[in-house]
Structures are given as C-alpha cells and as structure tokens.
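The values are calculated or read from the model by the stated rules, or taken from the named source; none is laboratory data. Everything quoted here is computed from the prediction, not taken from an experiment. Cβ coordinates were reconstructed from backbone atoms using ideal geometry, including for glycine residues, and neighbour counts include every protein chain displayed. Heads up: the accessible areas ignore ligands, DNA and RNA and are worked out on the full protein's heavy atoms, side chains in. Shrake-Rupley method; radii C 1.70, N 1.55, O 1.52, S 1.80 Å.
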Amino acid sequence: MTADTDPRGRIKRLRAELRHHNHRYYVLDDPQIPDAEYDRLLRELQALETAHPELITPDSPTQRVGGAPLEGFTEVEHAVPMLSLANAFSAEEMQDFDRRVRERLGADADVTYLAEPKLDGLAINLRFENGSLTQAATRGDGARGEDVTQNVRTIDSVPLKLLGADWPPVLEVRGEVYMPRSGFEALNQRQRTNGEKTFANPRNAAAGSLRQLDPRIAAARPLTMFCYGFGEVGGGPLAETQSAAMARLKAWGLRVCPEQQTVQGLAGCNAYFDALAERRDGLDYDIDGVVFKADRFDQQQSLGFVSRAPRWAIARKFPAQEEMTELLGIDIQVGRTGALTPVARLAPVQVAGVTVTNATLHNEDEIRRKDVRIGDTVIVRRAGDVIPQVTGVVPDRRPAGAQAFVMPDHCPECGSDILRAAGEAAARCTGGLFCPAQRKEAIKHFASRRAMDIDGLGDKLVEQMLERELIQDPADLYALNYDQLAPLFLQPAALEKGQESKGAKNLLAALERSKETEFSRFLFALGIREVGEATARALAAHFGGLEGLMGADREALQEVSDVGPIVAAHVEAFFDQSHNREVLEKLNHAGIWWQEASPASERPQPLAGQTFVLTGTLSRPREDYKSELIALGAKVASSVSKKTDYVVAGPGAGSKRDKAEKLELNILNEQGLIDLLSEL
Ligand code: 9MJ
C-alpha cells in the first residue's frame, strides 16, 4: 500500500510529533514550534481521522475533549488507597518527625528527604495502561473516589499517552490538579464579564472545574497538574528512590514541580522550608506548606504507615492565611474617582502573623453574592502584601438579627448623590472634587512617586494640610510657605523656641524640584479617569503638549493608540469642567513646566509602516519603548506574524522569539533597539 491509501503511518508520525510538541509547550514550558505550526499538524491529523474514523484511538491528541456531558460521576475504587499526610505546624513538630524517622530506621546519619511545595489543589490518581491514560479519579475518602477522566483528559499538561516506551504495563501516578494564579485571575475576569459567578480562590476554581459534568467547560478552564507520587505500579519498582522515580515520570512526559529537591536531614528541611516561605508569594500557584518524604523507597517501606498517613512523609504547614472573626460593621471608603468600596470592620484577628481589623468587601454585588451580613462570623484571608479580604461567611454561626448591608444613596463624606452606572461594579459618589475624600485621594495621587514625585509628601501630611485648610486642590501645594508648613513638622513648644523645621524646608525644596516634570507624568498626575501611566504616555506622545490635547475632540482623541470611546469621553469631560481648567491655570502660574514636543503629526515618522513586537525582560518598562516607537510612526503589536518587521527580545523571551526565528524576522536585543532608535 502507498502512503495515500494507507494513512496509518502518517497518523502515527503526526501523533508522535504532536505529543512531543504538546509536552514541550505545556509541561516544559519551552515550545519548539510556533502555535500556527502546531495547529497545522493537529488539523492534518484531524482531517485524516475524519476520513478514517476506524483509526481513531482514545489516546490520540485529537481526543482531549470528547463525549457528551455526564449524568453524574461514577465511583472508583482505588487499587492502592490514596493517603493523606500528617502535618507539622512548628519547627518542634518537624524536629519530632525527623527524630521518629531516624529512630525507626536506626539511622545515625542524616536521612535524605525529597522536599517539595505542598500544593493547594485536588489530589488525583492517573491510571495508565500500556502507556495510555485510562482513568483519572479524585481522592474521595482515600479508598473510593470519583471518576473524573473526561475532565482530566482536557488538561493539556496531562499526557494521554506516555512518551518513550519503558513504562510499566500498569502505572498509577498521583499528583495535584490546580489552577495557576494567573489563570485564576483571567478566569474570574472572564466570569465577571459574562455575568457569571466568580471563584473565591484558585482551589475552589480548580475543584469547581473538575466537578463539571460537561467536559467542554472543564476544557476551557486553565488547569494543570504536578505529579508527586504513585498508586499501583506493575512490573517491579521504578527506582530505588522517590527522586529517581520522579525523574522517570518526567521522562515519560508527566509534569513534576521544578521546586522538588533532595535535602539532607533536619537542617536541610528547615533551610528549604524557610527559603520557600520567602518565595511563596512569587510562585504562580497557591501552596500551604512543604512536603518532606524519605527519599529511599526501602526506608519508606520499613517506616510504613500509621492509620491513613505514611510515617515516611510530613507536611510542614505555613501559618494559616485564613482565619475566622466577627464582622462588626461595614464602612464605606471613597476612592480618588469616587468609587465606593465597602470595608469590613472586624474584631481584631491574627492572620499569618499580622493583626487584621479591616478587610475589603470589594463591592455591593460581592457582598450580596457571599451573603455577608453584619454580625456574621466571616473568613478573612491575607496573602502576601495584598489587602486582606473577606472570602466568605460561616452560615452556621449567623446570629439572629444579622443585618444585610445596604449601599447608602448619599456619599458618607460629602452627602452628594451616589450613582451606579449600568454595567459597572462600583457605585460612585458624584461629588467630584467637592467631596473631601475624593479631593484627598486626588492630591495624594498628584504627589505620588510615579506622578509629580513630590518627595516627602505622604498621606499623613496631605490629610493635615486639608484639615487645616491650607490647601483645596493640587495647585495650592505650590503656594505653601515655610510658616504654614513648619507647624506640621514641629511641636508648638519647639516652634516657640524658634527651632527650624528641616522637614518643612525639605518639602519646599521637593515641591520646587517637582515643578520640572514630563508632560506624561503631569497628565497622569491629574488623575483623569481611566488615564493610567500607559495611556498618559500615549496621549503625551501623540499631542506633544497640553494645548493640543485640550483642543482635541473625541474623534481626535481616539486616534491615539489604546484610546477608545470611554477613555476619550473621560478626557473630554475632564477638560470641559471649569474647575479643572482653573486648577490647570493655577499650576501653570505656579511654574510647572516640561519640555514641549511637537505633536506626532508634525514630527518625522521614520518608522511609519514598521511593526514591532516587544517580548522578554527589558531594562525599562515595555510601555516606555512602546510610546517611543509609536511616536516615531511604528506600530507595536502583541503577537508575532509574517507582518512583523522587528521582534525585540529580552532575556526570558519564549515562544515569540522562536516564532520570529522560524519566520526569519529581524530579531533585536534591547541594545539593538536602542541603537536603532539613536540612529533615526
Ligand atoms: C501536595 N498536596 O502537594 C503529597 N502533596 O504524598 C505532595 N501531597 C502526598 N505530596 C503522599 N507534594 C500523600 C500525599
């Protein structure tokens, strides 16, 4: 038979190639071919399988999403029970664990442990028969779980067929299915846009996704998996140690956490734990501790089990990030743009080492969705540097008469009407700069580092200046004199003695320094709604100065890249307000100035018609280069295609760089871009 009449060979080769590239992309995070090439191979395989349905196998890369929604999940008995882990909540408990291990083993020397993050996801057992994934089940009660094969098959980093050929005939691999934080944020954003319910945390999102009866929904969720253990394994031991067995899993294309590492003895465990605790917030997944496992399988065997947990492993937990406490009341905070944020006033509670008395409740809809009432016992979460949040209530502890929250219809700060625009989550005070809260936030923003950068003018000072009615708007800052400022820094007694205030002098000098600025910073400092740093830079590059910008109507504004009708309307509305124009006039009189540039339309456009893509890490914000390129007439795109002229690739550039190489495009490093710009 020729290749035309017997597609078997081509199908086999395509599947092998697709598996290889799937592994490079989803498991190693290091793709070798552009997405378009992968899609082409997949389409070719799909076409062949459509023409020859008898050749379709369940482990074909085309078969990730198949089958109709289930009626319910069936129960699965685990061939080998899925164990839980004993916990250690302190250094002492960890020390006890290591001592017990050494005593039982009769070991004088340090025990080698395999250390790895303890993921906060869902434990899953994958069963491979002759290298093909035949079943995926949840842990359930350890003896029996639920069959979630249909959903787990949609997880791209889970191979439907193992790579290589040296796998045992039956191989059960265990690990944690989880949702990366980045994927979780994107999913919640999507849910909000679609008016669907959001998830409280990545774990709930992962659990909710795996429990979908319709595998198409699970397929659209950004799930992935790290493998860390074994169930039934046919044909003898895989290796002599857990770490060597993990290396075999990796070779078969399974995803293993890159943080996994062998350590020596208790000291090694403690050093690993401390180092990971430091880096915890920077990981793209939630972890609640570190798991330590005796690395040698013979030692695991002699240590055995106690009740349902192995004696050879322990989970050393981080201090809890969630605690319960009483919700005493709900205050309303008014932001710079008038957005009202309900803030929970809490009975003080220690969360991960910090006393928390306030936590955000986000907005009215979130309060309703979580059904939070005053008097409830609520769950407070604090992670890293982020503001503590109320993630839910404990319904069983609701006291009689717990009160539902009602958003006021007048601003608690200034009494102005509160409006909630259609499609917006936030209710807003309509008082503008008449509202003292908005005024305070606007001035703080004006002075902040990325805006006018008035060194030393912190929140406290702004508040004092407003209380003493020294200022009304940002421009008044520049009219302040030493006699007005000194009392903010010195006690009355010191003042009377004629003591000089260094703070007041420094602040006056900082105000003076801030007068020389850049147009983009000044624009950002004005606090126009929806005009963040990037938009301010784009507007500044396009119009060159204030005159051009103030003269622009909505259409002209929308000629600026990234400016749509909403931003244009906010910009126009800002400059239409007479009190804003008065402040601008005062700022001008105060001597604020910047180097004027001619508008983009009058500047030479040496890069007109050229498209750039920026990728990888650059030493300056990408937005800086972007606005510079745009000002010179270039287009800056987010993805690489045949139409791209230059790809600027900093360290860490991945698939975009690969694609550029494949398409034989011009690839520049950062210095190359700087050289190119300086030659123009
Ligand atoms: C988690 N959750 O990350 C185990 N786990 O080992 C790791 N769980 C485990 N190992 C034996 N990394 C039973 C459970």
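Determine the share of the chain's accessible area contributed by carbon and sulfur atoms, expressed in whole percent, with a 1.4 angstrom probe.
48
Report, to the nearest 10°, how far helix 670-679 tilts away from the longest principal axis of the Cα atoms in the chain, using its own Cα long axis and a range of 0 to 90°.
Roughly 40 degrees between the two axes.
Given points 7 Å out from each Cα along the Cα-Cβ axis, report the residue 639 to residue 96 separation in nanometres with one decimal.
My value for the distance between the label points is 5.5 nm.
Once the piece of chain linking residue 518 and residue 129 is laid out straight, how much longer is it, given 0.36 nm per residue of separation minus the C-alpha distance between them?
Between residue 518 and residue 129, full extension yields an extra 133.5 nm.
Tell me, what is the per residue accessible area of the chain in Å², probe radius 1.4 Å?
Here the per-residue accessible area is 50 Å².
Using a 4.7 Å cut-off between beta carbons, which cysteines in the chain end up with no partner cysteine at all?
227, 257, 269
Roughly speaking, what is the stretch gain from residue 371 to residue 677, that is 0.36 nm per residue apart minus the C-alpha to C-alpha distance, in nm to one decimal?
Taking 0.36 nm per residue and subtracting the Cα distance, the gain is 104.6 nm.
Could you tell me the ratio Rg/Rh of region 232-289? Both radii from Cα atoms, Rh via Kirkwood.
1.05
How large is the accessible surface of residue 516 in square angstrom, using a 1.4 angstrom probe and rounding to the nearest 10?
The value for residue 516 is about 120 Å².
Taking a 25 Å limit on the Cα-Cα distance, which of the listed pairs 635/662; 197/317; 626/656; 12/250; 440/515 fall beyond it?
With Cα atoms farther than 25 Å apart: 197/317.
With r defined as the distance between the Cβ atoms of residue 547 and residue 186 and R0 fixed at 45 Å, what FRET efficiency is calculated, to the nearest 0.05?
0.65
Label residue 274 and residue 391 with points 7 Å out from Cα along Cα→Cβ: what is the distance between them in nm?
2.8
How large is the helix-only mean residue ellipticity at 222 nm for the chain, computed as the sum of -39500 (n - 2.57) over DSSP H runs with n ≥ 4, divided by its residue count, in deg cm²/dmol to the nearest 500?
Taking each H run of at least 4 residues, the total per residue is -10500 deg cm²/dmol.
Residue-wise, which Karplus ³J(HN,Hα) couplings in Hz belong to region 542-553, taking 6.51 cos²θ - 1.76 cosθ + 1.60, θ = phi - 60°, and x for glycine or proline?
6, 9, x, x, 5, 4, x, 5, 5, x, 7, 8
Got the relative contact order for the chain handy, in percent, Cα pairs under 8 Å and 6 or more residues apart?
Reported relative contact order: 10 percent.
Roll a 1.4 Å probe over the protein heavy atoms and report the accessible area of residue 459 in Å², nearest 10.
90
Dipole size in debye (nearest 20) for region 376-443 around its Cα centre, Lys and Arg Cβ +1, Asp and Glu Cβ -1? Don't skip to the end; give the middle numbers.
Working: 8 positive and 8 negative charges, 33 e Å.
Dipole about the Cα centre, nearest 20: 160 debye.
Report the antiparallel proportion of the DSSP beta bridges in region 77-317 as a percent, rounded to a multiple of 5. List each step's numbers first, then the result.
Numbers: 43 of 45 bridges.
So the antiparallel bridges amount to about 95 percent of the total.
Hey, can you grab everything whose amide H is under 5 Å from the amide H of residue 345? Only 5+ residues off in sequence or another chain; H modelled, so Pro and N-termini drop out.
328, 329, 330, 331
Once amide H atoms are built 1.01 Å from N in the peptide plane, which residues 5 or more positions from residue 87, or in another chain, come under 5 Å H to H?
When sequence neighbours closer than 5 places are left aside, the close amide H contacts are 315.
Using a basic spin-label model with each label point 7 Å from the Cα along Cα→Cβ, how many nm lie between residue 80 and residue 575?
For the pair residue 80/residue 575, the computed spacing is 7.1 nm.
So if R0 is 30 Å, what FRET efficiency would residue 666 and residue 44 give, r being the distance between their Cβ atoms, rounded to the nearest 0.05?
Calculated value: 0.50.
Quick one: what are the phi-derived ³J(HN,Hα) couplings along region 615-630, Karplus 6.51/-1.76/1.60 with θ = phi - 60°, whole Hz, x for glycine and proline?
Taking θ as phi minus 60°, the curve returns 8, x, 8, 10, 6, 10, x, 4, 4, 4, 5, 4, 5, 5, 5, 4 Hz for region 615-630.
Just to check I understand the Karplus step: with θ = phi - 60° and J = 6.51 cos²θ - 1.76 cosθ + 1.60, what whole-Hz values come out for region 458-463, glycine and proline as x?
x, 4, 4, 5, 4, 4
How much FRET efficiency would the formula 1/(1 + (r/R0)^6) give for residue 52 and residue 232, where r is the Cβ-Cβ distance and R0 is 30 Å, rounded to 0.05? Can you show the working numbers first?
Numbers: r = 34 Å, r/R0 = 1.14.
Efficiency for this residue pair is about 0.30.
Which residues' amide hydrogens lie under 5 Å from the amide hydrogen of residue 161, considering only partners 5 or more residues apart or on another chain, with H built in the peptide plane?
The answer is 133.
How much length is gained if the chain between residue 582 and residue 601 is pulled fully straight, taking 0.36 nm per residue apart and subtracting their Cα-Cα distance, in nm to one decimal?
4.0 nm
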